[in-house]
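Step one of this worksheet: look at the structure below.
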Amino acid sequence: MTNIILLLQTIVALLTAIQSPAIPFEIKTQALNLSVQAVELVQQSIAPPLVFGKISLPKLDKANLQLKYDNAPKAIKDKYVLENADFKLKAKDDPKDRIDVRIGGDAEFEPKLKIERWDDEVNFSVKLIDNETGNPTVSFKDNKIVWSKGNKEVNFYDLPVSVENPEGGYEFEVILQEKPATNKIEFTLQDKDVDYFYQPPLTPEEIAEGASRPVNVEGSYAIYAKTPKTNWTGGKEYKCGQLGFIYRPKITDAEGNWVWEELHIENGLLTITVPQDFLDKAVYPIISRGVNFGYESIGGSFQQIQDRISGSQFTGAAGTGDSISFYKYGMYTEPWKAAIYLHSTLGLVTNGETSVNTTGGASRWVTESFGTSPDLSVADYVLVIWADQTSPTAPTTKYNDGDGTIQGHYQSIDYSDNSGNYPATMTATHEDRKYSIYATYTPSGGGAATPPPIPQVIFIE
């Protein structure tokens, strides 16, 4: 007991001494961390736990986070601003398609990631379920925000544009210092006006039809706005209404051995399941990619569109069509055309074909206008794309699996034999797909539209 009393006296003296403004911040931080560890040792040695009078551990609130932020590395201060108890990053500062990222919480910092798109019209947030003992700490390492407590450490950091994240993204990385009691890493999930669409392995039939799916997309979730969005000239660019992607995670041990993890969303929980055999044999610490969020506005899978009319069903509104945009994947310059069919009859809408486009260059969204603007109404339509193949490179677009409905439509028909003229009636086979394609139009009455009324757009999710 004497040793415990001496330890408590040392803690009090240490906490009192570091109140001096002359003490450098780094020394204060080290002293506080040592004090926390010492208190934990005392708590473990005494039952019931001691009440330490006026001694209180520093909370991860705005005031204490401000001290940390003021002394943070330049890489952190250049990216983030501190708001309440969270760090805000402008991942995309475009008024037509703004993306904000928040790390932390409102009153106190929590291991939580929140993604907001289109000025928070939709959002998605996950918080690590914290069942660790001890006191949490927040620190910085280069461009990473680090939360740690007990056996777990979390690294938050943004991801550059890459093959895995073609529009950039954000990483919620979980590090386990020792073998955990369970093979599940769980997060509470909250959102605003979004739906989640699981991307399963492709079937042999889909592969034979020219589809392909990257391994990190297989087992992932595409996130879309639940409420249909309206694209209009001069307004926000919702495109297909896709908020982003949660990619399939993988986990790596200290010797570089890794396996894929299983991702599952249900009933307000995001659960990552690690193969138990990996946990049993791993060399610790182990690093789970956790929540690898991509800002993608495009589908994660590929479909060849040569001699294949491919598209999806959508609900239109009264107006005239201006153009159709789709995501062109690859460097091809094959001719392509887009069109609109009335879903009830699968008949081609009058003036519903765009002009021919042979745009080359890198993968990107490409747009083609209608020769004469088609008149559209409040009805269900099918928006489609179709291309020729005149070189070894097959023209390709992107898509995501949907929710089990028959939104997708396709028809195999030779482009060159028909001179690129769409059939008057589409003989469609249904498929569960959301293609990366949308159309913009002017509302009835013409002219530039500004809300209210909100100008309309027809689009594919």
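The values are calculated or read from the model by the stated rules, or taken from the named source; none is laboratory data. None of the values given here were measured: they were computed from a predicted structure. A quick note on method: Cβ atoms are made from the backbone with ideal geometry, for glycine too, and the neighbour counts reach across all protein chains shown.
Conditions (1) in contact (Cβ under 8 Å) with a residue 40 or more places away in the chain; (2) touching a Gly at 6+ places or on another chain (Cβ under 9 Å); (3) closer than 30 Å to T230 by Cβ, marked per residue:
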residue: Q276; (1), (2), (3): yes, no, no
residue: K281; (1), (2), (3): no, no, no
residue: V291; (1), (2), (3): yes, no, yes
residue: F302; (1), (2), (3): yes, yes, yes
residue: Q313; (1), (2), (3): yes, yes, yes
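Answer yes or no: is there a residue in segment 349-368 that is outside any strand (DSSP E or B) and crowded, with 23+ Cβ neighbours inside 10 Å.
Looking through segment 349-368, none of the residues is outside any strand (DSSP E or B) and crowded, with 23+ Cβ neighbours inside 10 Å.
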Scan segment 94-136 for residues that are part of a strand (DSSP E or B) and at pLDDT below 95 and jot them down.
G105, E108
Scope segment 69-93; condition surrounded by fewer than 20 Cβ atoms within 10 Å (Cβ to Cβ) and charged (D, E, K, R); matching residues
D70, K74, K77, D78, K79, E83, K88, K90, K92, D93
Between D106, D120, D195, which is at positive phi, in the same structural domain as I76 (by TED's automatic domain parsing) and surrounded by fewer than 22 Cβ atoms within 10 Å (Cβ to Cβ)?
D120
Please go through segment 388-417 and pick out each residue that is within 30 Å of A317 (Cβ to Cβ) and either touching a helix residue (DSSP H, G or I) at 6+ places or on another chain (Cβ under 7 Å) or without any contact (Cβ under 8 Å) to a residue 60 or more places away in the chain (or both).
G404, T405
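Each row is one residue, and each column tells you yes or no for (1) of a type outside the set (D, E, K, R); (2) closer than 14 Å to R102 by Cβ; (3) touching a helix residue (DSSP H, G or I) at 6+ places or on another chain (Cβ under 8 Å).
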residue	(1), (2), (3)
R117	no, yes, no
D120	no, yes, no
F124	yes, yes, no
L128	yes, no, no
N135	yes, no, yes
N143	yes, no, yes
K152	no, no, no
In segment 199-214, anything surrounded by 15 or more Cβ atoms within 10 Å (Cβ to Cβ) and at negative phi is listed as Q199, L202, E206, E209, A211, R213, P214
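Have a look at K236, K226 and point out the one that is closer than 22 Å to V101 by Cα and buried (at least 17 other Cβ atoms within 10 Å of the Cβ).
K236
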Can you find, within segment 283-319, the residue that is modelled with the highest pLDDT among those that are among the hydrophobic types (A, V, I, L, M, F, W, C), outside any strand (DSSP E or B) and surrounded by fewer than 21 Cβ atoms within 10 Å (Cβ to Cβ)?
V283
Per the filter on segment 422-461, residues assigned to a loop (DSSP other than H, G, I, E, B), at pLDDT below 95 and more than 21 Å from L376 (Cβ to Cβ) are D432
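Have a look at Y332, Y327 and point out the one that is under 29 Å from G168 (Cα atoms), part of a loop (DSSP other than H, G, I, E, B) and aromatic (F, W, Y).
Working: Y327 fails: part of a loop (DSSP other than H, G, I, E, B).
The conditions single out Y332.
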Cβ-Cβ distance below 7 Å, separation of 6 or more or different chains: which pairs start in segment 365-387 with a residue that is in contact (Cβ under 8 Å) with a residue 60 or more places away in the chain and end on one that is of a type in the set (S, T, Y) and exposed (fewer than 15 other Cβ atoms within 10 Å of the Cβ)?
D380/T315; D380/S344
Selection from segment 369-391 of residues that are in a loop (DSSP other than H, G, I, E, B) and modelled with pLDDT of 90 or more
G371, T372, S373, P374, D388, Q389
